[in-house]
Amino acid sequence: MEFRELTPKEINLDLFKHFIRHQVVNDCYRKIEGKWVIKPDPFIDDWTQADYEFLIKCLKNTIETGGAVFGAFINGQLKGFASLESGFFGGDNKYLDLSSIHVSEDMRGKGIGRKLFFEIKARAKEMGAKKLYISSHSAVESQRFYQAMGCVEAKEYDAVHAEKEPFDCQLECEL
């Protein structure tokens, strides 16, 4: 397996032709009366070509504005990626945003997400951040991953993230 930083030039539809976004979600966390509870909310998350085209624009913009995108490859095929934005925010400008982390369905549970998370943490620390900020999908599986990485509920919610995705869990991770 190869982990490396991506360049804007290589981020295109062809890069994602072996990446399977498909995720079956049954239960999600919801904050009710100030407490996190697990509620049934079944759906299937999958990306269309339009979703991939939007993702490509976002990932290229991340790099072009000083952030970073890392990829995980097996036999030259992208099987995971993660992105880190460059703009500091929060009190004392301590946060950098882990804007995405995804592992192909056929490779989940093999440590790829963990390795990508550590790559992002190292880069964020190099850039001077004190914490990662993650506006994460509330699926139980996603939350278990972030808990295993040492993430906790953000002490300081970013209004832009919270308004954009009201069902996301707002998390942070000390660097």
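A short reminder: the numbers here are calculations on the coordinates, not readings from a lab. All values derive from a computational prediction rather than experimental measurement.
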Exercise. Take the eigenvalues of the Cα gyration tensor for segment 91-139, scale each by 5, and report the square roots as semi-axes in whole Å, largest first.
Key: 23, 13, 6
Quiz item: Could you work out Rg/(2.2 N^0.38 Å) for segment 1-49, with Rg from alpha carbons only?
Solution: 1.77
Quiz item: Once you have the alpha carbon radius of gyration of segment 84-175, what is it after dividing by 2.2 N^0.38 Å, with N set to its residue count?
Solution: 1.03
Practice problem: Express the relative contact order of segment 7-69 as a whole percentage, based on alpha carbon pairs under 8 Å and six or more residues apart in sequence. | Solution: 38
Quiz item: Based solely on its DSSP helices, what 222 nm [θ] is calculated for the chain when runs of n ≥ 4 H residues each add -39,500 (n - 2.57) and the sum is averaged over all residues, nearest 500 deg cm²/dmol?
Solution: -8000 deg cm²/dmol
Practice problem: With the convex hull built on the Cα atoms of segment 43-141, state its orientation-averaged projected area in nm². | Solution: 7.3
Quiz item: For segment 31-72, what ratio Rg/Rh do Cα atoms give with a Kirkwood hydrodynamic radius?
Solution: 1.21
Exercise. Using only Cα atoms, figure out Rg for the chain and give it as a multiple of 2.2 N^0.38 Å.
Key: 1.00
Quiz item: Given a cut-off of under 8 Å on Cα pairs at least six residues apart, what relative contact order in percent is computed for the chain?
Solution: 20
Practice problem: Go through K79/K164; K39/K125; K39/K60; K60/K130 and tell me which ones have a Cα-Cα distance over 32 Å in this structure. | Solution: K39/K125; K39/K60
